[in-house]
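Just below is one structure, and these are the notes that go with it.
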Amino acid sequence: MPLFEVAIIQAQTKKEAEDGVGGEKLLFGPKFVLAKDGQTAALSAMMGKDAPRDLDMNRAQVLVRPFA
């Protein structure tokens, strides 16, 4: 199985952007994940035992890249 590097970033809310408070937050990773493809690696990061509990999918950006 190929190895992937996965990270999850949460974007700031519209209110945070207007107030100039906060910014993007790193919620997960970067961590290495063994998976058959990039999509499976992303799902593993979002739903696995180490996944962030307060994940808002409307604001989340999942970054996946193959580790070579």
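The values are calculated or read from the model by the stated rules, or taken from the named source; none is laboratory data. The model shown is predicted, which means the values in this text are computed figures rather than measured ones. Please note: Cβ atoms are built from the backbone with ideal geometry, for glycine as well, and neighbour counts cover all protein chains shown.
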Has the range 57-68 got at least one residue that is touching a helix residue (DSSP H, G or I) at 6+ places or on another chain (Cβ under 9 Å), small (Gly, Ala, Ser) and within 23 Å of GLU16 (Cβ to Cβ)? yes
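Can you find even one residue in the range 2-12 that is at pLDDT below 85 and out of contact with any strand residue (DSSP E or B) (no Cβ under 7 Å at 6 or more places or on another chain)? Break it down into steps so the answer makes sense when it comes.
Keep residues of the range 2-12 that are at pLDDT below 85, which gives 12.
Remaining after also requiring out of contact with any strand residue (DSSP E or B) (no Cβ under 7 Å at 6 or more places or on another chain): 12.
Yes, some residue in the range 2-12 is at pLDDT below 85 and out of contact with any strand residue (DSSP E or B) (no Cβ under 7 Å at 6 or more places or on another chain).
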Would you mind stating whether ALA68 is under 12 Å from the mean Cα position of the chain (by Cα) and small (Gly, Ala, Ser)? no
Of all the residues that make up the range 51-68, how many are part of a loop (DSSP other than H, G, I, E, B), of a type outside the set (S, T, N, Q) and more than 13 Å from GLU5 (Cα to Cα)? 8
Restricting attention to the range 33-50, the residues that are assigned to a strand (DSSP E or B) and buried (at least 17 other Cβ atoms within 10 Å of the Cβ) number exactly 1
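If I filter the range 19-32 for residues that are outside any helix (DSSP H, G or I), crowded, with 17+ Cβ neighbours inside 10 Å and over 10 Å from the mean Cα position of the chain (by Cα), do I get at least one hit?
Let us first name the residues in the range 19-32 that are outside any helix (DSSP H, G or I), namely 20-32.
Pick out the ones that are also crowded, with 17+ Cβ neighbours inside 10 Å and you get 27-29.
Pick out the ones that are also over 10 Å from the mean Cα position of the chain (by Cα) and you get none.
Among the residues of the range 19-32, not one is outside any helix (DSSP H, G or I), crowded, with 17+ Cβ neighbours inside 10 Å and over 10 Å from the mean Cα position of the chain (by Cα), which makes the answer no.
Which members of the range 6-18 meet the condition of being outside any loop (DSSP other than H, G, I, E, B) and crowded, with 16+ Cβ neighbours inside 10 Å? Even if it seems obvious, please write down each step before you answer.
We begin by selecting, within the range 6-18, every residue outside any loop (DSSP other than H, G, I, E, B); these are 6-10, 14-18.
Passing the criteria: VAL6, ALA7, ILE8, GLN10.
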Considering (1) under 12 Å from the mean Cα position of the chain (by Cα); (2) buried (at least 16 other Cβ atoms within 10 Å of the Cβ); (3) of a type outside the set (A, V, I, L, M, F, W, C), say which one ARG59 fails and leave the rest. (2)
